[in-house]
Amino acid sequence: MDSFSTLIRTASHEQHVEAETSTFMSDMLGGRLGVDAYARYTEQLWFVYEALESGTDRLAADPVAGPFIRPELMRLAPLERDLEHLRGPNWRASLSALPATRAYADRVRECAERWPGGYVAHHYTRYLGDLSGGQIIRDKAERTWGFAKKGPGVRFYVFDGIANPAAFKREYRELLDGLRADDLEQQRVVAECKKAFALNTAVFRALGEEFPLSA
Ligand code: HEM
């Protein structure tokens, strides 16, 4: 039988391709959108990471979710620095969530409060993605909008506390393989991961509508 880390990766593969090739992502990474689109996207991430990270003190003690809570992953502080760079010192005043972002953040918060296994699904979908494809996004963003390499504007993608991302991801997969969950709960977690991808794709769709190329 496949390990849980293989199961969750395989099960979400199709949706990964969908997210990766969404119109908004393709346009943004293809250098066809302005820095305002990147800033708007970064702003949406703030709401998602606020939901992921505001309950971590409590979740750290949870037998299921606890092992995944690692200070070196926390993204809210770097996101806030990026937003300050992108939007200026008053970035907080103009911060607004798209309805799709609100729905995504609400679901993350609900899992964080009530269902540790579901929280792990959201944790995996974001942080392992940030450590992987996130590095491609950072590189494109630096080239497209001229941010300093690993500097303000792309701090979100820089994990100072993770010297070896490949090793970190290997350890992360071991944590997934050791998840305290029977078969049924594993299936539920996989389903929540698919939902997490769908929630991301919905945010991309909304951003694509806000930043249409043909407008
Ligand atoms: C253009 C955008 C994206 C690119 C270029 C990209 C690229 C990649 C690449 C190359 C990997 C494999 C890295 C490895 O095996 O070590 C990966 C893994 C991953 N990506 Fe993405 N990705 C993108 C968007 C996303 C999005 C939007 C999500 C979800 C929110 C996501 C979630 C993940 C996850 C969870 C993994 C880990 C899979 C696993 O090994 O279990 N990615 N991505």
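Every number here is computed from the coordinates shown, using simple stated rules; none is lab data. Fair warning: this is a prediction, and the values are worked out from it, not measured in the lab. Using ideal geometry, Cβ is built from the backbone for each residue, glycine included, and neighbour counts are taken over all protein chains shown.
Within the stretch 1-42, which residues have the backbone N less than 13 Å from the label spot 7 Å out from ASP183 along Cα→beta-carbon, could you tell me?
Backbone N within reach: 1-2.
Any idea what the alpha-carbon Rg over 2.2 N^0.38 Å comes to for the stretch 4-210?
0.98
Going toward the positive end of the dipole of the stretch 4-210, with +1 on Lys and Arg Cβ and -1 on Asp and Glu Cβ, which of THR23, LEU95, VAL35 do you reach last?
Result: VAL35, furthest along the dipole toward the positive end.
In 5 Å bins starting at zero, report the fraction of Cα pairs in the stretch 158-212 per bin as a rounded %.
5, 15, 13, 14, 16, 18, 12, 6, 2
Could you give the length gained by full extension between LEU213 and ASP57, i.e. 0.36 nm per residue of separation minus their alpha carbon distance, to one decimal place?
Contour length minus the Cα-Cα distance gives 52.0 nm.
Once you have a ≥ b ≥ c as the square roots of the Cα gyration tensor eigenvalues for the stretch 88-194, tell me rounded if a/c is under 1.5, and otherwise prolate or oblate according to whether a/b is larger than b/c.
Oblate, since a/c reaches 1.5 and b/c is not below a/b.
For the stretch 4-13, what does the Karplus curve 6.51 cos²θ - 1.76 cosθ + 1.60, with θ = phi - 60°, yield as ³J(HN,Hα) per residue in whole Hz, taken in order and with x for Gly and Pro?
In residue order, the calculated couplings are 5, 5, 6, 4, 5, 5, 5, 5, 9, 4 Hz.
Tell me whether the stretch 43-121 comes out rounded, prolate or oblate; compute the Cα gyration tensor, take square roots of the eigenvalues as a ≥ b ≥ c, and use a/c under 1.5 as the rounded threshold.
Oblate, because a/c is 1.5 or more while a/b does not exceed b/c.
Looking at this model, which pairs from LYS150/LYS194; LYS140/LYS169; LYS149/LYS169; LYS169/LYS194 are more than 26 angstrom apart at the alpha-carbon?
Pairs exceeding 26 Å: LYS150/LYS194.
For the stretch 91-147, what is the Kirkwood estimate of the hydrodynamic radius, computed as the reciprocal of the mean inverse distance between distinct Cα atoms, to one decimal in Å?
13.5
Compute the distance in nm between two label points, each set 7 Å from the Cα along the Cα-to-Cβ direction, one at GLU171 and one at LYS149.
Roughly 2.6 nm, to one decimal.
Once you put a point 7 Å from the Cα of ARG205 and another 7 Å from the Cα of ALA191, both along the Cβ direction, what distance in nm separates them?
2.0
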